[in-house]
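Every read-out reported here was derived from the displayed coordinates using simple, explicitly stated rules and does not represent laboratory data. Being a predicted model, the structure only gives us computed values, none of them experimental. For neighbour counting, all protein chains shown are included, and Cβ atoms are generated from backbone atoms with ideal geometry for every residue, glycine included.
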Amino acid sequence: MFNQKNPYFAPTDKRVLIVAGHYGSGKTEFSVSLAMHLAELNRGTGKKLALVDLDIANPYFRSRERRKLLEEYGIKVYADVYDSEITAELPALSAEIRKPLEDDSTYVIVDVGGNDAGARVLNQFKRYCAGDHLFLTVINANRPETRDLEGAVYHLESIRHETGLAPDGIINNCHLLMETTANTVKKGHKLCEEVSKATGIPIFCDCYPEPLVKREDLEGLSEHLMPIKMYMRESWLDK
């Protein structure tokens, strides 16, 4: 599923995609948009796709809040012990989360929350990822913690130190919510290029909010441009 040619992101033959990112980076929006893109690309093929919500550190903008929409597209959603109650938050995981990770026929997107403390939960799932995972880290150059090279590299290294998993790819998701422009995305790409050069970790894709930025305004920026649909943003936030 993940290795097919598509216009959005770098191809990979890995079955499990782990997505981490600092608070406010937009990694959940990326995870949900990625799942929806993959569901569209594989419509009618019978391939199974799951989204595992491991963000137990941050109670805001959880991917499981879009369970109904995701499952309408055939994307099975797995979360914590309060699987059906989005207002209840305890750092307790359901055993059912292991189900898609143990099923070699299911392609899985794992949404991991926050910084190194949020990524710590991965330690109990690493045995499912050995040799068959891609670890992607979302960087938003407009977040205080990752606004410069030093902060972004520290973020990557702290997650690696905590989990023992080295990031395989960088996601540029620089945004300013509804004020995002093409220049915002370009700013993020420049920082991600610096981070890539300093760490040797390649840029996996550049994200842009499709309702706000035109793809043609980003031509030449990257080989892989991924539109973000902003599924997680409630309409009342714009009033």
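If I model a spin label at residue 181 and residue 104 as a point 7 Å from the Cα along the Cα→Cβ vector, what separation in nanometres do I get?
Spacing of the two 7 Å Cα→Cβ label points: 5.2 nm.
Tell me the label-point distance for the pair residue 162, residue 69, using the 7 Å Cα-to-Cβ offset, in nm and rounded to one decimal.
2.7 nm
List the residues whose amide H sits under 5 Å from the amide H of residue 228, counting only those 5 or more places along or on another chain, with H placed 1.01 Å from N in the peptide plane.
Residues meeting the amide H criterion: 208, 210.
In this model, which of 68/197; 27/48; 27/197 are farther than 31 Å apart at the alpha-carbon?
Long pairs (Cα-Cα over 31 Å): 68/197.
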